Amino acid sequence: MKLEKLKEEKKKGKITFLLKDSDEVFANTIRRLVMEEVPVLAVEDLEIKDNNSALYDEMVGLRLGLCPIKTDLKSYELKENCKCGGEGCARCELKITLKSGKNGYVYCEDAVSTDPKCTFAYPKMPIVKLLPKQKVEMTLTAVLGKGKDHAKWIPGLAFYKREVNIKVGKVANPEQIVQQCPAPGIFSVKGNKLEVNSDKVHDCQICQKCVELDENISLEETGNFIFSLESWGQLAGKEMLHHAAEILVAKVDEMEKLL
Amino acid sequence: MIIPIRCFSCGKPIGHLYEEYRERVDKGEDAKKVLDSLEVERYCCRAVFLGQVDLIDIAGAFKKG
């Protein structure tokens, strides 16, 4: 198995890489590990002292749960693995206080976290909107959790597709193919001939439209996979993959012991 | 009511983009261009923006039942 990095946008937490000499089973394993097993922090409990905003307590709670929190996996532990035995300590819980009485949106940046490393990832995320005389005051408890328990603990999106080579022979109507292809830039016309832009081939959605239109075009699967990772802000793109790999190794070790 | 924190389908956080979107669209900019510049790629996330109706200012004036 080989990995080859295609594109990395660190600011947006996106990574695209090519998975070589592998199969769908492995690609899907990585996908599931990233989405279901990699733990991140999310608000789980909240103690509401005051909330006379337009949103019900439950709605504010659900909204806060979905706000991504930057997660430092070295300093936090899953509650079930924590030394405190699930009672709640500084290793497995993060306390955040939220208090506002200002007219207008209450943002995530108004919440004060006890850990300066782990704060809400998007400061300008609106939680509620207050009218004059309305206020909210609450204490939030964030814990680590897994994506298979609730979507708020999913660290990001992971997906893959097959890599194809596009082979072009003599094409009767090249303009039509450029127009009909849903991914812009793959095909171009040069002197009445259809050309494939090699740097854009990875955008191909394998919709087979070009093959339907002209029998001299063919899509050949290379057997590789284009794997994309998109982080929601809690972890960096690479971190997600790194932890997924660690979890896979731990799971294999556990299975070996049981057999 | 109020813009959702995340996209319903894919889970991408989108709430923090809404204020800029609203401001620019109200000024007369094309919604497609604004969404493209905010890098909202998938149509599931784009639909959340296009279908959003802000009712919280109206609903907030009434008592919760």
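Tell me, please, whether a residue that is in a loop (DSSP other than H, G, I, E, B), aliphatic (A, V, I, L, M) and more than 8 Å from chain A (Cβ to nearest Cβ) can be found in the stretch B:19-35.
So far as the stretch B:19-35 goes, no, none of its residues is in a loop (DSSP other than H, G, I, E, B), aliphatic (A, V, I, L, M) and more than 8 Å from chain A (Cβ to nearest Cβ).
In the stretch B:47-63, which residue that is assigned to a loop (DSSP other than H, G, I, E, B) and out of contact with any Leu (no Cβ under 9 Å at 6 or more places or on another chain) is surrounded by the most Cβ atoms within 10 Å (Cβ to Cβ)?
Per the criteria, the residue is B:Q52.
Yes/no matrix, rows are residues, columns are (1) at pLDDT below 95; (2) part of a loop (DSSP other than H, G, I, E, B):
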{"position": "A:E77", "(1), (2)": "yes, yes"}
{"position": "A:E80", "(1), (2)": "yes, no"}
{"position": "A:I96", "(1), (2)": "no, no"}
{"position": "A:K117", "(1), (2)": "yes, yes"}
{"position": "A:T139", "(1), (2)": "no, no"}
{"position": "A:A142", "(1), (2)": "no, no"}
{"position": "A:K152", "(1), (2)": "no, no"}
{"position": "A:R162", "(1), (2)": "yes, no"}
{"position": "A:I166", "(1), (2)": "yes, no"}
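Give me the residue from the stretch A:108-162 that is open to solvent by 30 Å² or more (accessible area, probe 1.4 Å) and of a type in the set (F, W, Y) and, out of that set, farthest from A:V38 (Cα to Cα).
Filtering first and then ranking leaves A:Y122.
Might you check whether a residue that is open to solvent by 40 Å² or more (accessible area, probe 1.4 Å), closer than 23 Å to A:F17 by Cα and not in a strand (DSSP E or B) occurs anywhere in the stretch A:190-197?
yes
Select from the stretch A:120-137 the residues that are within 14 Å of chain B (Cβ to nearest Cβ) and either within 26 Å of the chain's Cα centre (by Cα) or in a strand (DSSP E or B) (or both) and list them in ascending order.
A:F120, A:A121, A:Y122, A:P123, A:K124, A:M125, A:P126, A:I127, A:V128, A:K129, A:L130, A:V136
Sort out which residues of the stretch A:163-180 are under 27 Å from B:C45 (Cβ atoms) and either open to solvent by less than 30 Å² (accessible area, probe 1.4 Å) or touching a Pro at 6+ places or on another chain (Cβ under 7 Å) (or both), and write them in order of number.
Result: A:E163, A:V164.
Which of (1) touching a helix residue (DSSP H, G or I) at 6+ places or on another chain (Cβ under 7 Å); (2) within 12 Å of chain A (Cβ to nearest Cβ); (3) buried (at least 18 other Cβ atoms within 10 Å of the Cβ); (4) of a type outside the set (F, W, Y) does B:P13 not meet, given it meets every other one?
(1)
The values are calculated or read from the model by the stated rules, or taken from the named source; none is laboratory data. Keep in mind it's a predicted model, so treat the numbers as computed, not measured. Cβ coordinates were reconstructed from backbone atoms using ideal geometry, including for glycine residues, and neighbour counts include every protein chain displayed. With ligands, DNA and RNA removed, areas are computed over all heavy atoms of the protein, side chains included. Shrake-Rupley method; radii C 1.70, N 1.55, O 1.52, S 1.80 Å.
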